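A.B. asks: Below is the structure I would like to discuss, written out as structure tokens.
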Amino acid sequence: MTCTPDLESPTLAQGDQSESSEIQITEINALLNQLEEQHRDLKEEAELALKQLQETQSQLEEQAQENELLLLQLHQVQEELEHYFLETQRMSKAKENLKKRFESEKAMLANGYREARKEWSASKGKTGSRLAQAARKKLISSTYEN
């Protein structure tokens with residue numbers, strides 16, 4: 001028996017390899033298409049995310065500016081409030097001082113009136129009108145001196 005090489009075997013093997021390679025190429029192309037599609041989707045998502053980020057940063061900057069303005073206004077209102085508080089305290093002290101002065105002058109007038117009345121009663125018949133006038137003058141001058 002002689003051994004003859006099978007000539008059809010290498011051709012069959014090459015055909016199987018060729019067919020297998022074509023299947024692999026088709027699968028690789030399908031995978032490549034799928035990856036390209038995923039890449040496009042991811043790229044679109046990244047662009048959308050970037051746009052949203054830029055909008056958010058813009059809004060954040062606007063809010064920061066608005067907050068700074070509000071803080072400045074708050075400080076201004078706080079200063080005005082302090083001014084009015086101190087002014088109210090000053091006015092209250094002035095009011096108390098005026099009230100004390102009024103009470104003091106009221107007491108002096110009452111004492112002066114009592115003294116004038118006593119003097120007038122004591123000198124009723126003698127020189128009543130002159131003494132009463134002198135007491136009134138004394139009372140009036142002492143009131144305006146204080």
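A.B. asks: Quick check: is even one residue across the stretch 103-121 under 40 Å from the mean Cα position of the chain (by Cα) and either of a type in the set (Gly, Ala, Ser) or surrounded by 10 or more Cβ atoms within 10 Å (Cβ to Cβ) (or both)?
C.D. replies: No, the stretch 103-121 contains no residue that is under 40 Å from the mean Cα position of the chain (by Cα) and either of a type in the set (Gly, Ala, Ser) or surrounded by 10 or more Cβ atoms within 10 Å (Cβ to Cβ) (or both).
A.B. asks: Here is a further query. Only one residue in Ser58, Ser92, Ser104 is of a type in the set (Ser, Thr, Tyr) and touching a residue at least 12 places away in the same chain (Cβ under 8 Å). Which one?
C.D. replies: Just a single option satisfies the conditions, and that option is Ser104.
We did not get these values from a lab; they are worked out from the coordinates using the rules stated. What you see is a predicted model, and the numbers here were worked out from it, not measured in a lab. Neighbour counts run over all protein chains shown; Cβ positions are idealised from the backbone, glycine included.
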